[in-house]
Amino acid sequence: TELERDDIKIAYVLVTPANRIEKVVDGSVDIECGSTTNNLERQKQVAFSPVIFVSGTKLLVRRSSNIKSYRDLRDRTVVLTMGTTNEKAMRLLSEHEKLAMKFVIAPDHADSFRMLTSAQVHAFATDDVLLYGFVAQATRPADYAIVGDYLSYDPYGLMYRKDDPDFAALVLR
């Protein structure tokens, strides 16, 4: 969808956690402002503004599950959203702590939340700010709990192409 107004062209492009870096790199979008973690791995492909928000991986569970921590997920299934830094954090944690967690990858956050609400998984691991949003919009928010310690540190930044010094000057202004 496109909108033109006062010499400004605005195009609406579907951006997901799985395709956001690709959409910036290929020029489909000029800047991405979402729950995108600025890390060294991503800086190899794209540029970032200074940090605009700090979040971290937490767990969303059904309150009736009695899961209070990642330690309670031994041999249990956790859903992660494709293209997020949470996947790496959870895999490393499971391996390091020898928890044998099982992982399911969903294409987007909404699908991850649906898997938790339909009891297909025991927990949904992603940035706490996103989890609080899903709980707030749930039909029965009291059925869910965000539990445990932070399992990662995720500084968010606006993401834009590396090869555009004029645009970088605007972003970093």
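The values are calculated or read from the model by the stated rules, or taken from the named source; none is laboratory data. Quantities reported herein were computed from a predicted structural model and do not represent experimental measurements. We place every Cβ from the backbone using ideal geometry, glycine too, and count neighbours over all the protein chains shown. All accessible areas refer to the heavy atoms of the entire protein, side chains included, with ligands and DNA or RNA removed. Shrake-Rupley method; radii C 1.70, N 1.55, O 1.52, S 1.80 Å.
How far is the Cα center of region 52-88 from the Cα center of region 101-173, in Å? When both Cα centres are located, 10 Å separates them.
For the chain, the longest principal axis of the C-alpha atoms and the axis of helix 128-137 are separated by about 80°. For the chain, modelled as a GNM whose springs connect Cα atoms under 10 angstrom apart, the maximal fluctuation among Arg20, Arg161, Arg42 occurs at Arg42. Computed over the Cα atoms of region 54-163, the ratio of the radius of gyration to the Kirkwood radius (Rg/Rh) comes to 0.97. For the residue pairs Lys58/Lys162; Lys9/Lys44; Lys44/Lys98; Lys68/Lys98, the alpha carbons lie more than 22 Å apart in Lys58/Lys162; Lys9/Lys44; Lys44/Lys98.
Which whole-number percent of Cα pairs in region 132-173 have a distance greater than 16 Å? In whole percent, the share of Cα-Cα pairs in region 132-173 beyond 16 Å is 63. Entry note, the chain: the mean residue ellipticity at 222 nm calculated from DSSP H runs of n ≥ 4, each adding -39500 (n - 2.57), is -7500 deg cm²/dmol after division by the residues and rounding to the nearest 500. Run through every distinct alpha carbon pair of region 10-113 and return the Kirkwood hydrodynamic radius in angstroms, one decimal place. Computed over region 10-113, the radius equals 15.5 Å. Accessible area per residue for the chain, computed on protein heavy atoms with a 1.4 Å probe, is 58 Å². Under the combined filter of DSSP loop state and at most 16 neighbouring Cβ atoms within 10 Å, region 1-72 retains these chymotrypsin sites (Phe, Trp or Tyr not before Pro): Tyr12. How big is the Kirkwood radius of region 58-110, worked out from every pair of different alpha carbons and given in Å to one decimal? One over the average 1/r among Cα pairs gives 11.5 Å for region 58-110. Listed by chain and number, the aspartates and glutamates placed with their C-alpha closer than 12 angstrom to that of Lys102 are Asp75, Glu87; residues fewer than eight positions away on the same chain are left out.
Ignoring ligands, DNA and RNA, what percent of the 1.4 Å accessible area of the chain is carbon and sulfur? The computed percentage sits at 52. Taking all Cα-Cα distances within region 97-158, those exceeding 15 Å account for 57%.
The share of Cα pairs per 5 Å bin across region 19-69, counted from zero up to the longest distance, runs 4, 15, 23, 17, 10, 9, 9, 8, 4, 0 percent.
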